[in-house]
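One structure below.
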Amino acid sequence: MRRLTPVLALGALLLTALPAQAADGPAHRESYGTKAPYQPRQNAQTYERPPAGFAPVLTENVSRHGSRAATDGEDGDLVLALWDKAQAAGRLTAEGEEFGPTVRALTAAMEKTGYGNLSGRGRQEMRDTATRLERRLPTLFAQIADRGERIDVVSSGQGRAVDSAGEFTGALAAADPALKPLIGPTRTDKDLLYFHKAAGGAAYRDYIANDQRLKDTLNSIEDQPRTHEAAHGVLRRIFREPFVDTITDQVGAAQAVYDLYAIAPAMIQESPDGRGWGMDRYISRTDAAWFGYLGDAEDFYEKGPGFSDSDITYKMADVLLDDFFKQVEAKRAGTSDLGAELRFTHAEEIIPLAALMGLPGSTEPATPGVPYTYGDDSWRGASVAPLGANIQWDVYERDGRYLVRMLYNEKETPFRAGCHPIAKGSTFYDFDELERCFNRG
């Protein structure tokens, strides 16, 4: 989260806006925000069976890269500089004595992995998701192998997305070696899968850099007494009180501790015993939940549903949704020899796509002047775009009629309100109906 200049315009509205789940249960995972490691949301054995006579003819996905190391060493450097100073002054708590060595080991592991690169857990997440895909659609992949259909692979071009594609397709080939020669090399399409930094994201980048309402809203959300209380609580676990009082930017220091806490689960396989880093010893669940909420608020306004009177944060994702439709349209027209279209990208693309599509948790923008809170909005980074998040369309055909079933983080998910499934309660949709519902005609 960025450090923000204090602005109090909306502060009065937020004094009671503590996270609704700030103690235990689901809040513990939520506190990691978009750095929560991936978990499939449904057991595949409970998926709805396709209607009689329909066979799978295409699958396509878009996936966020898997769990990774932090993108840089700034947080570790900041807190270790404070820790070294406190140790020299004899101002560490009993827990604080263990904090420095833990952080040094964690940062060393991230340096070895490479900042921003996939961790062992991230690579495993990609392999496991691919294996479940192949097991879900065995007849499709057998058909791909028999007919020599192509498996197209495309990424943002960023290292962790390219590596995620490699792990994913490697697992597909391991599941069925006949697929290996049909898997194309991973190509790069930044306009499609890095659109927030491409030409199509120019207006969005101007919004992030210059929109005063955005800045004021985020400043007001952060600059609350609860933020300063949480920051003091985090630092007090590590440093003795007189030393905490000497830290000029307590929120910034506590944010760095939280960021290390949030990234630690992604690095679990690199921990000394492979069981984790124990970073939750240094931050209470309530304080972690508050910093998680602050991170979610930033992502909500900068990438997600945002303000109810603007679509600037997600309009640019139309290029990606359009590609989903184009692949099915080409299959129906008989002009495509694809059996699978596999895309690998980032949270900056998954979050706006979820908002554009109206996926669960991304349907409620915030009214201007009424800030996003956990009590008033269901948007949670850990659910919308955890590490490894994915959206998959499975396409079935019978006698020229095409059906689509969508999985969101491997959970059968209805399309947005106004789209009608083939039967009440079904997760299968006639493709013609989806084209109508999304104004494709």
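Data for the structure
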{"read-out": "With every protein chain in place, the chain: carbon and sulfur % of accessible area (1.4 Å)", "value": "49 percent"}
{"read-out": "Charge context of Glu270, other residues only, Cβ under 12 angstrom, K/R +1, D/E -1", "value": "+3"}
{"read-out": "Principal axis box of the chain, alpha-carbon based, largest edge first, Å", "value": "76, 47, 39"}
{"read-out": "Cβ-defined net charge surrounding Leu359, 11 Å radius [Lys, Arg +1; Asp, Glu -1]", "value": "+2"}
{"read-out": "Percent of alpha-carbon pairs separated by more than 18 Å within segment 349-441", "value": "51 percent"}
{"read-out": "For segment 115-154, alpha-carbon Rg and Dmax in angstrom", "value": "13.4, 41"}
{"read-out": "Cα-Cα over 26 Å, subset of Lys197/Lys331; Lys112/Lys190; Lys35/Lys411; Lys35/Lys197", "value": "Lys197/Lys331; Lys112/Lys190"}
{"read-out": "Solvent exposure of segment 230-289 as accessible area per residue, Å², 1.4 Å probe", "value": "38 Å²"}
{"read-out": "Cα convex hull of segment 123-227, projected area averaged across orientations, nm²", "value": "10.0 nm²"}
{"read-out": "Cα coordinate range in segment 74-129, projected on the principal axes (Å, largest first)", "value": "48, 20, 13"}
{"read-out": "Net charge contributed by nearby residues that have their C-beta within less than 15 Å of Gly100 (K/R +1, D/E -1)", "value": "0"}
{"read-out": "Percent breakdown of C-alpha pair distances by 5 Å bin, ordered from the shortest bin, for segment 261-408", "value": "2, 8, 15, 16, 14, 13, 12, 9, 6, 4, 1, 0, 0"}
{"read-out": "Pairs of alpha carbons in segment 204-340 whose separation is greater than 19 Å (percent)", "value": "66 percent"}
{"read-out": "For segment 90-141: accessible area per residue (Å², 1.4 Å)", "value": "43 Å²"}
{"read-out": "Å² of accessible area per residue within segment 337-393, as computed with a 1.4 Å probe and no ligands counted", "value": "20 Å²"}
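The values are calculated or read from the model by the stated rules, or taken from the named source; none is laboratory data. None of the values given here were measured: they were computed from a predicted structure. Note that we place each Cβ from the backbone using ideal geometry, even for glycine, and neighbour counts take in every protein chain shown. Only protein heavy atoms, including side chains, enter the accessible area calculation; ligands, DNA and RNA are left aside. Shrake-Rupley method; radii C 1.70, N 1.55, O 1.52, S 1.80 Å.
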